[in-house]
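This report refers to the structure that appears directly beneath it.
What follows draws every value from the coordinates through simple rules; no lab data is involved. Predicted model only: the values in this text are computed from it and were never measured. Here Cβ is always computed from backbone atoms with ideal geometry, including for glycine, and neighbour counts include all displayed protein chains.
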Ligand code: SF4
């Protein structure tokens, strides 16, 4: 029977998965320079099995390492400034709104918080901090426990996850407020709950504000690999011709092109107002090339299978593919279209999974089964935490079916074979 683990892998604490050691890290400020991206591509291919996953917390997961390869890769990531040499500091889960610009509030607070990470208390493994201080809060759907956001009226607020409102903060007090609330979480027994939203203790008076966040969305064009996975060769192809890549929590990448770097003063409302700031006129040749791929007629929208239904079978269909040239088909044709099919890596790559996931998700999508569809290898639901119209969860080598729920919701049907599931959904 699969077990849900209570810890998260990191660069310093890799997880043994079905395809070898899994190494996870968050690039500082969610940004990889071109050189750093090429290094990551080289490490993924040279020491791992070439697979790179983008996670829902804007981390990168490199897969398929052995012990020696993991150690060599981590040393080089530390040298490149992508992993902190102190495992305790590296473990602080800091998610940054990826459309920041130099000198704006997200950039300012995230840098200050990174410099003071050592002052934070020891927090539960899944506890996260979101610095989301653009003109609109865009990380509302991203897992985090303390949220620094733009509040109604324009100033910044600190909002504990699970509460609808936050407390307004004065300029320059943000990091102190985050650290103080993190201290309170630990001192008030929050570690037992593990997450802020589950912690029932009454907030201290100073933190119990009534200001709602101003929610919005990132409008920049994004490159969205299918199921958030790309190969080292694909990452290298993207990196050539851009100045940097931004890692988003939507399992996508923003391309930062040299000529498109913003030069306006900080805190302007003109933050990457559209795709042209990333790929438009006057940008470098490489950036223009990516933009052309994104808009090309050959581009296939994400999750739209280009051929007939793929077979539902075992390891071959979910085996990690080796390095390959970048393929415009996995570039999202327009930004940011909502995804309707979600699937974790499943078996055999994840030891918690007893079933294949992505081959099944492809099969259901090809049969036009109504979504959103979430196929999860186990009740942990790594690919999606929000409810979906149809959620299929692996258990003991078979599938449970949930309607309008999450991977850990009560199933409507249990123990279906692949054939029975497909027949029930009209996808056989
Ligand atoms: S949801 Fe999928 S990837 Fe996550 S632990 Fe379960 S089987 Fe593994």
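Of note:
- Considering only segment 340-424, percent of DSSP beta bridges that pair antiparallel, nearest 5: 55
- For segment 148-224, the fraction of alpha-carbon pairs in successive 5 Å shells from zero, as %: 3, 15, 23, 21, 15, 11, 7, 4, 1
- Kirkwood estimate for segment 47-196, i.e. one over the average of 1/r between Cα atoms, Å: 16.5
- Inter-label distance for residue 420 and residue 165, nm, one decimal - labels placed 7 Å from Cα along Cα-to-Cβ: 5.1
- Cα gyration tensor category, rounded, prolate or oblate, for segment 3-121 with a/c compared to 1.5: prolate
- In segment 340-424, Cα pairs under 8 Å separated by at least six residues give a relative contact order of 24 percent.
- FRET E, pair residue 42, residue 122, Förster distance 45 Å, beta-carbon r, rounded to 0.05: 0.85
- For segment 89-166: relative contact order, % (alpha-carbon pairs under 8 angstrom, 6 or more apart): 26
- Over 17 Å [Cα-Cα, segment 340-424], rounded percent: 35
- Exposure proxy ranking for 79, 220, based on other Cβ atoms within 10 angstrom of each Cβ and starting from the fewest, stands as 79, 220.
- For 206, 184, 100, 70, the sequence from fewest to most other C-beta atoms within 10 Å is 206, 184, 70, 100.
- Exposure proxy ranking, count of Cβ atoms within 10 Å, fewest first, for 113, 235: 113, 235
- Averaging the Cα positions of each part gives two centres, and for segment 75-124 and segment 397-428 these lie 40 Å apart.
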